[in-house]
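Peer 1: Sharing a structure, written as structure tokens. Questions coming.
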Amino acid sequence: MISVIEDEKLEIRPKAPRAVRTLTDLANIAGVSAGTVSRALAGNSLVNTKTRDRIQALAREYGFQPNQMASKLRRQKTGVIGVIIPLGHDRRQQISDSFFMTLLGHLADELTEKGYDLMLRRVVPERDEDWLDRFIGSGMIDGVIVIGQSNQFERIEEVADGYLPMVVWGNHQEGQRHCVVGADNRLGGRLATERLIAAGATRIAFLGDTAPFEFAARFAGAQDVASRLGASLRAVSTHLSPEQTRKEIAGFLSRHHTEIDGIFAASDSIAFAAMQELRRLRIAVPDAIKLVGFDDLPIASQTIPPLTTIHQDIMAGAQGLVELLLRRLKGEATESLVLPPRLVVRGTA
């Protein structure tokens, strides 16, 4: 059953602005949200027919076209690329997270090299359903890079239908409409689990939230291998905010460490937290429990023991994000870029 967005009070029309340049301008006239306007102009069936027809009529009346924002930005360059991090799956995650900082550093280097400045925003979508429309329609950026699909896949898809200069770091799915750059996460999950089993692990815990698309794909890859090779695999929901991560891992390991002999951490940051807790419990790594992370952050080679992990080329990813975005700013519809992951064997497995 498909739910339909109910009519909003369209009969109330606030005073129109001098010009209708953005979704927000049109939304103010219609008395609805910018997200409803975006969906109505795209013909989305989630907006009921009466509301959709009314918004489309207003768009014609004021000469507003769905791609007007994009054409405006193409004509009036700001020299600024927006980078936005949606935290729909874990509002307490921090952008000081090692992965974010590594990717942002490479993005800043690449954008500066190409003559652009970077404007960074962190958003919690549940507080602002128009988080992406508002940023794009601000007039302050030439294009946007979204870091992570979080639980906002459909919102990103809707925006991609009418806005070309956007590229997303995340997981690629067959048939998706937005342009994405990221590792083959499912293959990475397979490589990690194969390594754990080759090192002797047969009872494996996956530490990570399986809701975000990237982590879900990594877990699916682990399931592929565990099922094929006869190992047991359990998912342990683990958030990405540092304090919560430590508490959840501590709680799981204090109760269940004797039931597992391998850990596949959905990210290196989670793996680092797991190593700290295993050390506190005096559980030897890799003798008692093998551990594999995902990302291959710079610090991964400096832990004791050094972390076995899945390398995704973050620098190449940043270069790909910028290259594809610049091509899209010139009007080219680009394909997604899927990077091959690579197992890096160190001391934890």
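The values are calculated or read from the model by the stated rules, or taken from the named source; none is laboratory data. These numbers come from a predicted model, not from an experiment. These accessible areas exclude ligands, DNA and RNA; they are computed on the full protein's heavy atoms, side chains included. Shrake-Rupley method; radii C 1.70, N 1.55, O 1.52, S 1.80 Å.
Peer 1: What accessible area per residue, rounded to a whole number of Å², is obtained for region 132-186 using a probe radius of 1.4 Å? Mind dumping the intermediate values first?
Peer 2: Values: 1610 Å² over 55 residues.
For region 132-186, the solvent-accessible area averages 29 Å² per residue.
Peer 1: Still on this structure, please answer the following. At 1.4 Å probe size, with the rest of the protein present, what percent of the exposed accessible area of region 161-248 is carbon and sulfur atoms?
Peer 2: 47 percent
Peer 1: Compute the long axis of helix 49-61 from its Cα atoms, compare it with the longest principal axis of the Cα atoms of the chain, and write down the angle in degrees, 0 to 90, nearest 10.
Peer 2: That helix lies at roughly 60 degrees to the long axis.
Peer 1: So if the hydrodynamic radius of region 187-246 is defined as the Kirkwood radius over C-alpha pairs, what does Stokes-Einstein give as its diffusion coefficient at 25 °C and 0.890 mPa s, in µm² per second? Intermediate values should be presented prior to the final figure.
Peer 2: Details: Rh = 11.7 Å.
Answer, rounded: 209 µm²/s.
Peer 1: Probe radius 1.4 Å, ligands and nucleic acids left out: which of 277, 126, 259 has the largest accessible area, and how do the rest follow?
Peer 2: Ranked from most to least accessible, the order is 126, 259, 277.
Peer 1: Multiply the residue separation of residue 114 and residue 57 by 0.36 nm, subtract the distance between their alpha-carbon atoms, and state the gained length in nm to one decimal.
Peer 2: Residue separation times 0.36 nm, minus the Cα-Cα distance, leaves 16.4 nm.
Peer 1: Now, a different point. Top to bottom by accessible area (1.4 Å), largest first, where do 163, 62, 116 land?
Peer 2: In descending accessible area the options line up as 62, 116, 163.
Peer 1: Between 0 and 90 degrees, rounded to the nearest ten: what's the tilt of helix 153-162 against the longest Cα principal axis of the chain?
Peer 2: With rounding to tens, the tilt is 40 degrees.
Peer 1: Ok, one more. What does the accessible area of residue 85 come to, in Å² to the nearest 10, when a probe of 1.4 Å is used?
Peer 2: About 0 Å², rounded to the nearest 10.
Peer 1: Taking only Cα atoms, what is the 0 to 90° angle, nearest 10, from helix 213-229's long axis to the longest principal axis of the chain?
Peer 2: 40 degrees
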